[in-house]
C-alpha cells in the first residue's frame, strides 16, 4: 500500500501538515528553476529586452540607409492619353559605404501645344523624356567608409552594448535570486532551530516547575526558565515572519504574484575554496568583464568620432559622372528609347566660411575621447580592487563557516553538560539558560554564514565575468563549475 507524501506548509501560526492532495500539487522549487523563471519574467530583464529590441530597430534603420531606394511617382489619367501634364517617373538610388551615391531617374511628362492650323482642331501632344544615371563620389568631406557608415557603426555599437547590458542584467538578477533563495532556506532552517530550542526551553520550564514543587530549586530558577521560553517563542515567531518576507522577495524577483505559495529545497551546500589568487583573478576579470568591454568599445568609438568630425572640417569636393538623355518624343513608348544619351562630368565644390559648428564638434569629440580613456583606466583599477575585496570576503566567509560550525558543536556540548549538571543538582538552571541562548545564536550564525558563502561564490564568478546563469546553475550548488584560469 502506497503512502501519500505529506508536505508541511508554513504559516504565521506554525507548521501545518498538508493533505495528500495538496502535497501532490506542491512543487519543490530548485535554485536552477527559480533563476530560469526569473530570467523569463523578471521586470528588469523584460525592460532590458525592450531596450535591446529598440537597438535592433535602430540598427535596421541604419542598415536601410545603404539599401536600394525605389520611389515611383505617377500622375496620370485613367484611360485617356491626350491630357497634358501627365507625369510618369521612377527614381532609384543606392548609397555605398564608401560614400559613393548612385542615382537613376527615368521620367516622362506629357505636354500639349495648341494647333494653329485651321485644318484640324486637335492640339499637338508630345512627351518630355528625362533619363539620367549619375554617380557622385566625395573626394574630401564624406570620403571613406569610416565617415560614410558612421551612423551604421554607431547603431552596431549600441546593439552590441545592449547585448552586453542584457547579459549583465541577467547575471545580477541571477545573483539576487540566489541570495533571496538562500535567504528563504536560511530562514526555514532557523525556524527548525528555533522550534527545537523552544521545545528544549519548555521541557526545562516543566522540569523547573516540577523541582520547585519538590522543593529542590528556588522560584528564581522557574522564572529564568519561563523567561527562556518567552525568548524562544519570540525568536520562533520572528523566524516565521522572516520566512514570509524572504518568500515575498523571491517571488517578486521571479516575476510571480506574492500570493502564490512556493517551497524551496531546504539545503545549503557547504562552500569550498577555489584555488585562485588575486593576480590570476584580476587577469581573468580584466579579460572577461562585459562592462569593461563596453567602456573599451566606447573609447574606440570616440576615436572614430574624432576622425568623423575632423573629416567634416574639410571642404566639400565631389566629382559627378552622369549619363543623361533628355529628348522630346511623340508617344509614351518612344520616350523611353535607348538612343540620344550623353555623358557629362562636373564637380561640386563648397566651403563654408563659418565653421564654428564643425570646430566645436571636433573639440567636443577630443574631450569625449579623453574622458572615455580615463573611464577605462578607472574601471580597470576598480575591478582590481573589487576582485581583491571579493577574494578577502570569500576567505572571511569560509573562516566564518568553520568558526560557526565549531561554535555550534561547542554550544551543543555546553547544553548537554549544563542539563546534566542541572538534573543531578550540581548547579541551577542559569547555566542551562545561558547555554541554550548561546547555542541558538551559534546556530543562527552558522546558517547565515552558509547562505552568505553560497551567494558569495556566485558573486565572485559574476565579478570575474565568467558567470553564466543559464548553464552554471544546477539543482545542486556543488555542481557549479570551478573557476578556470584558461577561460
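Does the stretch 3-21 contain any residue that is surrounded by fewer than 13 Cβ atoms within 10 Å (Cβ to Cβ), more than 30 Å from residue 331 (Cβ to Cβ), over 42 Å from the mean Cα position of the chain (by Cα) and modelled with pLDDT under 85? The answer is yes, given that some residue of the stretch 3-21 is surrounded by fewer than 13 Cβ atoms within 10 Å (Cβ to Cβ), more than 30 Å from residue 331 (Cβ to Cβ), over 42 Å from the mean Cα position of the chain (by Cα) and modelled with pLDDT under 85. Would it be correct to say that residue 92 is surrounded by fewer than 13 Cβ atoms within 10 Å (Cβ to Cβ), modelled with pLDDT of 90 or more and touching a strand residue (DSSP E or B) at 6+ places or on another chain (Cβ under 6 Å)? When the stated conditions are applied, residue 92 does not pass them.
Within the option set 246, 266, 232, being touching a residue at least 40 places away in the same chain (Cβ under 8 Å), exposed (fewer than 14 other Cβ atoms within 10 Å of the Cβ) and farther than 26 Å from residue 167 by Cβ holds for one residue only, 266. Tell me whether the stretch 131-146 contains one or more residues that are within 36 Å of the chain's Cα centre (by Cα) and either assigned by TED's automatic domain parsing to the domain that holds residue 415 or in a helix (DSSP H, G or I) (or both). Checking the stretch 131-146: at least one residue is within 36 Å of the chain's Cα centre (by Cα) and either assigned by TED's automatic domain parsing to the domain that holds residue 415 or in a helix (DSSP H, G or I) (or both). The condition (being in the same structural domain as residue 275 (by TED's automatic domain parsing) and part of a helix (DSSP H, G or I)) is satisfied by just one residue among 358, 389, 363: 389. One residue stands out in the stretch 311-345 among those that are touching a helix residue (DSSP H, G or I) at 6+ places or on another chain (Cβ under 8 Å) and either loosely packed, with under 14 Cβ neighbours inside 10 Å or part of a strand (DSSP E or B) (or both): the one that is modelled with the lowest pLDDT, namely 329.
Here residue 308 does not fit the description of being surrounded by 13 or more Cβ atoms within 10 Å (Cβ to Cβ), under 24 Å from residue 134 (Cα atoms) and out of contact with any strand residue (DSSP E or B) (no Cβ under 6 Å at 6 or more places or on another chain).
All of 199, 176 fail the test of being surrounded by fewer than 22 Cβ atoms within 10 Å (Cβ to Cβ), over 30 Å from residue 100 (Cα atoms) and without any contact (Cβ under 8 Å) to a residue 12 or more places away in the chain, apart from 199.
Within the group 330, 238, which residue is over 30 Å from the mean Cα position of the chain (by Cα) and closer than 25 Å to residue 448 by Cβ? 238 is the lone residue from the list that is over 30 Å from the mean Cα position of the chain (by Cα) and closer than 25 Å to residue 448 by Cβ.
The values are calculated or read from the model by the stated rules, or taken from the named source; none is laboratory data. Treat the numbers as computed from the prediction; the structure is a model and nothing was measured. Counting neighbours? That spans all protein chains shown, and the Cβs are built from the backbone with ideal geometry, glycine included.
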